[in-house]
Amino acid sequence: MSDSILKDLLKEYEIKRLHAQQLADEKKDELSNTYPEFAKINSEIVKCGLNLSRERLESNNNERIESLKQELDNLKKKKQEFLKSINMSEADLLPKYECPICKDTGYITSDGASTMCTCLKQKLINISYNKSNINKLDTENFDNFDVNMYSNEVNEEKYHSSVSPRENILIIRKIVDKFLDDFDNPNGKNLLFTGSPGLGKTFLSNCIAKKLMDSGKIVLYQTAPIMLDNMVDCKFGKNNIPKDFLNNIYNADLLIIDDLGTETMNNIKFTELFNIINTRILNNKKTIISTNLSIQNLFSIYDERIVSRIVGSYNICKFFGEDIRFKIRNI
């Protein structure tokens, strides 16, 4: 990982943090100007807090200390009651950080030790690996998931199914919801999305990625050809593949492998693909595989060990219907 990339990101974090704090200070100032009572209570809280700190440092007068503590508690309650009277709370006055976990610092400190927050890890992964793969999450998310893009027509001859494309996508959505609910469950299954191009496989993968990233999970998105080429290059020390590439492949909370079946395979890549799938299953790390191939095609192309691991540990979601990309363009 380039030090300059991390340095630039930390500068962005500092700007975001200071901006959030400035907005919070401006909100407090506005309240103080609008409500003199609020300003007076805040002033008394500050004064009482200073007196309490001074008393603790300079005196052993426990009675005086307890008196000041009680006074401070009463003032804080008075502040809460006042805010409630104007339909506000203490939380409304706090800075609104983009990441409430690290408060836009990029790091979490606990017991004197500092560790990188998942939000910063994800940004570094996006820059180094995901790049343009996950760049549409503002639009490709569950808020914009529209089942009406799928036909309600039942056509067994055309789709080889007794349900309509719309009913099918609703079934898939339930499977996805369960996948998300069971994400931290070691017994929860992975997902295999199969079907022709333009049926929403990548869109739904991005919806899942967005949901998990918002909850602090690390998501790594790779197309199968690039991922396998990088795995081989990494194994043989080629092309300056970052040292943490293998670790991220094996240990990211969610690995999305897109376009399986478009890569040029050989024995080394077969082995690497099996290792990825098998290791992540053994380590209880979730994976989504998306492919235009049918299960039958997968069996004819890939080693039986690979497909059997997928069939045994993945919920298979078959997408069918008309290409929804044309419908989106015409909206």
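The values are calculated or read from the model by the stated rules, or taken from the named source; none is laboratory data. Please read all numbers here as calculations on a predicted model, not as lab measurements. Here the Cβ positions follow ideal geometry from the backbone for every residue, glycine too, while neighbour counts run over all protein chains shown. Each accessible area value is taken on the protein alone, full model and side chains, heavy atoms only, with ligands, DNA and RNA left out. Shrake-Rupley method; radii C 1.70, N 1.55, O 1.52, S 1.80 Å.
Assorted remarks:
- Paired Rg and Dmax values of the stretch 91-141, which use every Cα atom, in angstrom: 13.9, 40
- Distance cut-off 22 Å, percentage of C-alpha pairs in the stretch 9-153 lying past it: 65
- Overall, the ratio between the Cα radius of gyration of the stretch 193-331 and 2.2 N^0.38 Å, rounded to two decimals, is 1.08.
- Longest DSSP-loop-exposure-free segment, trypsin sites (Lys or Arg not before Pro), the chain, at most 12 other Cβ within 10 Å: 1-130
- Over all distinct Cα-Cα pairs of the stretch 1-52, the Kirkwood formula returns a hydrodynamic radius of 13.6 Å.
- In this rough spin-label picture, where each label sits 7 Å from Cα along the Cβ direction, the Asp29-Asn278 distance is 6.4 nm.
- The listed residues Asp303, Asp143, Asp25, once ranked by accessible area (1.4 Å probe) with the largest placed first, stand as Asp143, Asp25, Asp303.
- Between Ser43 and Lys243, the contour length at 0.36 nm per residue exceeds the Cα-Cα span by 66.6 nm.
- Sorting Leu246, Leu23 by accessible area puts them as Leu23, Leu246; the probe is 1.4 Å, largest comes first, and only protein heavy atoms count.
- Here each label is just a point 7 Å from Cα along the line to Cβ, and for Ser85 and Tyr250 those points are 6.3 nm apart.
- In terms of accessible area, using a 1.4 Å probe and ignoring ligands and nucleic acids, Ile218, Ile316 rank largest first as Ile316, Ile218.
- Listed residue (Val154, Ser215, Phe142) projecting farthest to the positive dipole end of the chain, Cβ model: Ser215
- P(r), alpha carbons of the stretch 120-219 - 10 Å bins starting at zero, rounded %: 13, 41, 32, 12, 2
- Per residue value of the accessible surface for the stretch 189-331 (all protein chains in place, 1.4 Å probe), Å²: 45
- Cysteines in the chain that, by Cβ-Cβ distance, have no pairing candidate under 4.7 Å: Cys48, Cys207, Cys234, Cys317
- In this structure the stretch 17-56 gives 68 Å² per residue of accessible area when probed at 1.4 Å with all protein chains present.
- Over the stretch 64-165, accessible surface divided per residue gives 63 Å², non-protein components excluded, 1.4 Å probe.
- A simple charge model with +1 on the Cβ of Lys and Arg, -1 on the Cβ of Asp and Glu and nothing else charged puts the dipole of the stretch 217-303 at about 280 debye relative to its Cα centre.
- Derived from the Cα gyration tensor, the three semi-axes of the equivalent ellipsoid of the stretch 147-196 are 26, 11, 8 Å, largest first.
- Other residues whose C-beta falls under 14 angstrom from the C-beta of Lys178 contribute a net charge of +1, scoring Lys and Arg +1 and Asp and Glu -1.
- Accessible area of the stretch 1-155 belonging to carbon and sulfur atoms, whole % at 1.4 Å probe: 48
- Lysine pair count for the stretch 45-96 [Cα-Cα under 16 Å; pairs on different chains or 8 or more apart]: 9
- Sulfur and carbon atoms: percent of accessible area, the stretch 161-216 [1.4 Å]: 47
- Added length on full extension, which subtracts the Cα-Cα distance from 0.36 nm per residue, Leu6 to Asn60: 14.6 nm
- Using only side-chain charges placed at the Cβ, +1 for Lys and Arg and -1 for Asp and Glu, the dipole size of the chain relative to its Cα centre rounds to 280 debye.
- Overall dimensions of the stretch 257-307 by Cα: Rg and Dmax, Å: 10.8, 28
- Kirkwood hydrodynamic radius over Cα pairs of the chain, then Stokes diffusion coefficient at 25 °C and 0.890 mPa s, in µm²/s: 102
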